[in-house]
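Each remark here refers to the structure printed beneath this line.
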Amino acid sequence: MAGAACVVARRAPANDSSAWIIVCREVDTNLDGIKDIVRRYDEKGAPIEELADADYDGHVDTWIGYTFGK
């Protein structure tokens with residue numbers, strides 16, 4: 001994914017406090033200041049859904065759901 005990105009992460013459970021788990025990734029693919037792709041992750045860091053504005057009109061028009069991170 002090219003463009004500006006924002007990644008939100010949180011610390012892993014206490015048994016591995018040095019690790020971080022990604023929670024959400026937001027990407028502005030055309031650099032207009034509006035996020036075009038948002039991908040959310042479960043508590044293990046596997047993707048659960050992706051929302052995208054493929055035609056850059058400011059509205060989500062593509063939804064992808066993941067099962068077991070795939």
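Sorting Cys6, Cys24 by solvent-accessible area of protein heavy atoms yields Cys6, Cys24, largest first, with a 1.4 Å probe.
Suppose a student asked you for the relative contact order of the chain, using Cα pairs under 8 Å spaced at least 6 residues apart; what percent would you report? This gives 21 percent for the chain. Taking the Cα centre of the chain as the origin and placing charges on Cβ (Lys, Arg +1; Asp, Glu -1), which of Val60, Leu31, Ala4 is farthest toward the positive end of the dipole? Going by the charge dipole, the pick is Ala4. Taking the protein heavy atoms of the chain in the context of the full set of protein chains, the accessible area attributed to carbon and sulfur is 56 percent at 1.4 Å. Using a simple spin-label model with pseudo-atoms 7 Å out from Cα toward Cβ, Arg40 and Ala4 lie 2.4 nm apart.
Please work out which option in [x] 13.0; [y] 12.4; [z] 11.9 gives Kirkwood radius over Cα pairs in Å calculated from these coordinates, and answer with its label. Derived directly from the coordinates: [x]. Note on Ala12 and Glu26: the model spin-label points, each 7 Å out from Cα along the C-beta direction, lie 2.7 nm apart. Magnitude of the charge dipole for the stretch 31-70, about its Cα centre and with charges confined to Cβ atoms of Lys, Arg (+1) and Asp, Glu (-1), is about 320 debye.
Grab the other residues whose beta carbon is less than 9 angstrom from that of Gly3, score K and R as +1, D and E as -1, and report the net.
Net charge around Gly3: -2.
The values are calculated or read from the model by the stated rules, or taken from the named source; none is laboratory data. The structure displayed is predicted, hence computed values, not measured ones. Please note: Cβ atoms are built from the backbone with ideal geometry, for glycine as well, and neighbour counts cover all protein chains shown. Accessible surface is based on the protein model in full, side chains and every heavy atom, while ligands, DNA and RNA are left aside. Shrake-Rupley method; radii C 1.70, N 1.55, O 1.52, S 1.80 Å.
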